[in-house]
Each structure stands twice: as structure tokens, then as C-alpha cells.
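Taking it in order: structure first as C-alpha cells, then the write-up.
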Amino acid sequence: MESQNHYYGHSAAFALYLGLPAPRHVRGLVQHGWTAVSPLGTHFRDFPRIGAADGPADRRLLVWSHRSRAWDPTSADRASVPIGAPWLYLCSALGTLDARSAPGDGSHEGAAGGTGTVAGPHGTVILPVHGIATQRLEGDHRAVAREWARTEGPSTVCLYHVEARDPAVVRAYVDAGHTCVTLGERTDPAFLGRLHTLLTGAGRVVSNRLSTPVVYAAALGIDTAVHGDGMALEGEDPQALARVRTLWPEMHDDSVPLADRRAVAADELGLASLREPDELVRLLGWDRALRVGPWWQHWVSAPASRAVTT
């Protein structure tokens, strides 16, 4: 129904899991990233009637989890249905959801220990926090790049397309000895598949903030770490980072067993809420015959509604 349902290749992941040749428009809204606060406010605020008591009965707010520490669904002002993250459906379809069922102890050697310099089974992938078109990232990329080179060794740094287009940002990481890659724009249906290739090929995944890729990696039993200057997003509450560290201490402490971090990630991504194919098809509204209505909502009425509420 709305374009955000297709962000990062999420609808394509559903289609792959269901054995469909292509995704369809979803009858409702799908959470499109991990969030440290309620997804109802961060992802669905432009459509306040969906999920409301007097809202359309055939549209749903499809969230990843009702077990996330970020929010309490029972006190929310709108109803939502947990279905699990699209990432989990992609991993299930590709056979990687349980591939690392016996994770290691999470031990890691830094640059002094001579880690590999290429992303792979024993390499490190770093995904720095990124800005978006409407919210710039402010911070010293050179400083954090040098710090990661010292602690992690030369690594593969995956930049969001916004930062990847900034030569100064790219140069900051290259000059520190890292290799830069990017996954493309979030509207690319292959985005999640590229991220899957990147993360499952890594021995360790690092960021300067707890973020979606870190949670994804931890859920698969891949070693993770959160360290380095978290920088600042334009207009951000200065206490936001402190709140995240308080709510998810396991994800910020290298001494915590990886199995514990994996359990946290499973709750955040909604592993317990994964649906069987028949039920997922019904919840997405893909059990209905193809009609012009979803096309109209996607291209006309949803953008108009967004314009009215913003």
C-alpha cells in the first residue's frame, strides 16, 4: 500500500520466503528497520488512522516484535501485529537462520593481534551510523576511522549511500586503511540480499551505535560490538544514546557471551513471531486477487495522505 513497505528489499524478502516470483503491495504498513523507540511513532506516524479503533479494518500495522525493549505494545494507542523482521524470512529462505547454531565465545583480537584485513569468515565489517536526506550526521569520521583501525584492524567499512557519495567521508576511512563498500539506496530491492552477503561473510560486525545491522548479525550468531564515537544526528535528543545503552547493556559489552546477545536480538527481531507461509500471505494481504486498489494506494492515495499529515 505504501512505498516504505518495499524499503531495503523487505517485500522482496517476503516474496522469496513465500516462493513468489515478485512482491506485491502490502495491505497495511510494515516496520522497515530496528528502532530504539516505538515503531508506531517512528515509522507509521504519517498514517495515524491505520491500527486505530476507528481506522480501516483491512489495514494492519505489521511490526517485527512485541518483545522489544523499545516499547510496550499494550500501552500503545494503536493495535499492531508482530510478524518478525523481513531479515529473518530472508535468512530462513537462504538457510542461514540457524547456520551458526553454536556461536563461539565472541573473543576477538584487535590490530595488535593481526586480524585479517578482508571481510570474510574471519574479517570485520564496520557499519557506521548514517544520516538521511532530512537529518544530517555530524561528527569526525577521520577520528572514528583511526580508532577502528587501532582496535579492529583494517576492515571493510560499509557506508550508507548518503555518506558514500561524500568524497571526504570515503577518504577518511580509506586513509585509515579500511576498504569502503556500499549497498545502494534503500529503494533497491536487492539491498537486503547484499547486506546478507556482507554480514554472513564476516566474522565480526561493528558499529558506533546499536543499529539494525548489528541486531541482524547478532541474531545469526555473528560476533558483534558497539564502540567508537556515536556522533550526532541533526536535531537528536542528547540523551538518546544514553537511553539505548541503558536498555540494551548486553549489546554494548564485549564481555557478555554472544549467546546472550543473540537472545536479545531474537526478541528485538521477533523470532518467536515468525509466521508460516499461509498465515504470512494472509497478513500481508497477498491472498487476494490482484486488483488496481493497492496500485492506486501506493502511487496516489498514500503519498497524498503523507503530504497531508506532514
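A compact table of results
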| item | result |
| --- | --- |
| Sequence-distant residues sharing a close amide H with residue 233 (under 5 Å, placed H) | 138 |
| Distant-in-sequence amide H partners of residue 126 (H built 1.01 Å from N, under 5 Å) | 156, 157, 158, 206 |
| Residues 141, 196 arranged by fewest to most Cβ contacts within 10 Å | 196, 141 |
| Sequence-distant residues sharing a close amide H with residue 60 (under 5 Å, placed H) | 28, 29 |
| Ranked list, fewest to most other Cβ atoms within 10 Å of each Cβ, for 147, 234 | 234, 147 |
| Net charge of Cβ neighbours under 10 Å - reference residue 48; Lys, Arg +1; Asp, Glu -1 | +1 |
| Hz values of 3J(HN,Hα) by residue in the stretch 152-163 - Karplus curve (6.51, -1.76, 1.60), Gly and Pro given as x | 10, x, x, 10, 8, 9, 9, 9, 5, 4, 5, 6 |
| ³J(HN,Hα) computed for each position of the stretch 182-189 - Karplus, 6.51 cos²θ - 1.76 cosθ + 1.60, integer Hz, glycine/proline x | 9, 9, x, 7, 5, 7, 7, x |
| Net charge of Cβ neighbours under 12 Å - reference residue 146; Lys, Arg +1; Asp, Glu -1 | -3 |
| Residues 146, 243, sorted so that the one with the fewest Cβ neighbours within 10 Å comes first | 243, 146 |
| Charge context of residue 125, other residues only, Cβ under 14 angstrom, K/R +1, D/E -1 | 0 |
| Tensor-based shape of the stretch 234-283 (alpha-carbon gyration tensor, a/c under 1.5 rounded, otherwise prolate or oblate) | oblate |
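FYI, it's all coordinate maths here, none of it is from the lab. On a predicted model such as this, the values are computed, not experimentally measured, just so you know. Please note: Cβ atoms are built from the backbone with ideal geometry, for glycine as well, and neighbour counts cover all protein chains shown.
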